[in-house]
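Right, one structure below, let's go through it.
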Amino acid sequence: MPVRPSADDVRMRGFARRTTVTEALAWLDDQLAALPAETVAIDEAHGRVLAADVTSSVDVPAFDRAMMDGYAVVASDVQGASTYSPLELTEVGISLPGRPADARVAPGQAVRIMTGAPIPDGADAVLPFEKTRQLPNAAATSPDGTAKKNVEVVGDVAVSANVGRRGEDVRAGTIVLNAGRRLRPQDVGLLSAVAVPTVAVVRRPRVRIITTGDELVPAGHHPGPFQIADANGPMLSALAERDGAATVERVMIEDDREAISAAMLAAPDDGVDVLLISGGSSVGQEDVAPVLLAQRGELAVHGIAMRPSSPAGMGRLGGSLVFLLPGNPVSCLCAYDFFAGRAIRVLGGRRAAWPYRLTRGVLRAKISSVIGRLDYCRVRIQEDDAGGATVEPLAISGASVLSSTTRADGFVVIAADREGYPAGDEVDVYWYDDALGSY
Ligand code: AMP
Ligand code: MG
């Protein structure tokens, strides 16, 4: 069971007991379900998650069409034709894409046709141009005054050859995309092809980000003496966006109880699904967010048996899920990835799993951990030509050293029930790059 601290005793006593990652995830998963649907135009739908199956009301294509340039013919008419025994047909019209011939093809006749053009009535195959020759008297005029061209046929075709049948791509009445699908570019193309103008998609989780700290200066500013430029705000915006959220607001505030309280309670008009608070998440004098959350809402988890990120917390405030993320940037990243990112993905209809590609690799050096605590080890990964990989541990401590995560290719998670891994062990490794995007 998660530890549930009372409203006024969370600070200055240290964490009496740390919640395990498994317990914390169990609490979190109980809070999560996909948000309601909203309707968006298909041009806005790429990357969104379908909230309902999409059924086509039309056949695609809606008519039989030519798959090659040539002549629409009656296949039995040209059977056996070759360069040694050519046949002759009379061209009675032309069918272009979007502009069908008004002629009908009777035995002895052909309609010149271009790829994508409707097959005229009477024809059952398309004879490619390569199997024909234009006769010298091609421009001759027929007695009725219409242009009449003769076509020499030097090859034959089977019935249906080079004809794309009505509905061969999509049949009316079939489900083309299922609820839960994260829309790929070609999915958007297909929605357009089946004449769907808008789709119901899971609403994007609305995320509000609060970074706290007297020492912070906003992103892009040069820190003065004893100041730190805000790394977590921009990083959290990017993470939330990666996971499908819409950041409704990002604010930076000083370590002041009233200011933090006001910021926590000031939900914008359109509501907030997830509140991310960076800094002041632990049990020190300056750490007011856990106390406020316990008083104003619910502090369900505080103090987690993991490194980094042990001073993280989670709870609820009004309609929002709240994540208390430690200020040390690696802790912030790790706590986001373990808990907040998962919540944002599931609320947005995506899979809970990390979007990081998972591979295996052989450790070049041991990783030490302790039983009872999960560890997050930043690693370099080197792939060899044979499809294998070696994994070099870079940093397991140093929660303040954000560049350990930029020098790393990925990370290895050491489960709480392991003391670590010896060199030579094959381990699971997650790549920071190659994010799968949860399609
Ligand atoms: P805190 O969690 O507020 O106790 O902060 C722990 C450490 O993280 C301190 O050294 C802070 O200066 C640093 N820190 C807090 N917030 C940020 C931030 N947004 N960006 C970079 N460093 C931070
Ligand atoms: Mg702080």
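The values are calculated or read from the model by the stated rules, or taken from the named source; none is laboratory data. All of these numbers come straight from a predicted model, not from anything done at the bench. We place every Cβ from the backbone using ideal geometry, glycine too, and count neighbours over all the protein chains shown. Keep in mind that these areas ignore ligands, DNA and RNA; they rest on the heavy atoms of the full protein, side chains included. Shrake-Rupley method; radii C 1.70, N 1.55, O 1.52, S 1.80 Å.
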If you take the residues in segment 293-310 that are surrounded by fewer than 23 Cβ atoms within 10 Å (Cβ to Cβ) and among the hydrophobic types (A, V, I, L, M, F, W, C), which one is nearest to ligand 2 (Cβ to nearest atom)? 294
Considering each residue of segment 360-419, count those that are in contact with a helix residue (DSSP H, G or I) (Cβ under 8 Å, 6 or more places away or on another chain) and basic (Lys, Arg), and give that number. 2
Looking at residue 224 and the list (1) away from ligand 2 (no atom under 15 Å from the Cβ); (2) touching a residue at least 24 places away in the same chain (Cβ under 8 Å), which single condition is not satisfied? (2)
Got a number for residues in segment 157-176 being surrounded by 14 or more Cβ atoms within 10 Å (Cβ to Cβ), among the β-branched types (Val, Ile, Thr) and not in a loop (DSSP other than H, G, I, E, B)? 3
Residue check, residue 185 touching a His at 6+ places or on another chain (Cβ under 7 Å), in the same structural domain as residue 43 (by TED's automatic domain parsing) and open to solvent by 50 Å² or more (accessible area, probe 1.4 Å): yes
Unmet criterion (only one of (1) open to solvent by 20 Å² or more (accessible area, probe 1.4 Å); (2) within 17 Å of residue 338 (Cα to Cα)) for residue 375: (1)
Of the residues in segment 261-279 that are open to solvent by less than 20 Å² (accessible area, probe 1.4 Å) and within 20 Å of residue 335 (Cα to Cα), the one that is nearest to ligand 2 (Cβ to nearest atom) is 279
Of these, 313, 319, which one is assigned by TED's automatic domain parsing to the domain that holds residue 283, free of Cβ contacts under 8 Å to residues at least 60 places away in the same chain and open to solvent by 10 Å² or more (accessible area, probe 1.4 Å)? 319
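Looking at the structure I just gave you, is residue 195 surrounded by fewer than 20 Cβ atoms within 10 Å (Cβ to Cβ) and at pLDDT 95 or above? Give the derivation first.
Working: surrounded by fewer than 20 Cβ atoms within 10 Å (Cβ to Cβ): yes; at pLDDT 95 or above: yes.
Here the answer is yes, as residue 195 does meet what is asked.
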From the list 348, 327, 319, 297, exactly one residue is at pLDDT below 95 and more than 19 Å from residue 411 (Cα to Cα). Which is it? 319
Report the residue count in segment 72-88 for those that are buried (at least 16 other Cβ atoms within 10 Å of the Cβ) and under 52 Å from the mean Cα position of the chain (by Cα). 5
If residue 252 passes every condition in (1) farther than 24 Å from residue 341 by Cβ; (2) within 16 Å of ligand 2 (Cβ to nearest atom) but one, which one does it miss? (1)
Test: residue in segment 245-254 that is modelled with pLDDT under 95, within 19 Å of residue 335 (Cα to Cα) and open to solvent by 20 Å² or more (accessible area, probe 1.4 Å): yes
Enumeration of residues in segment 378-437 that are of a type outside the set (Ser, Thr, Tyr) and within 16 Å of ligand 2 (Cβ to nearest atom): 399, 402
Check on residue 225, within 16 Å of ligand 1 (Cβ to nearest atom) and open to solvent by 70 Å² or more (accessible area, probe 1.4 Å): yes
Residue by residue through segment 269-297, note down the ones that are in contact (Cβ under 8 Å) with a residue 24 or more places away in the chain, more than 14 Å from ligand 1 (Cβ to nearest atom) and not β-branched (Val, Ile, Thr). 270, 271, 273, 275, 292, 293, 294, 295, 296, 297
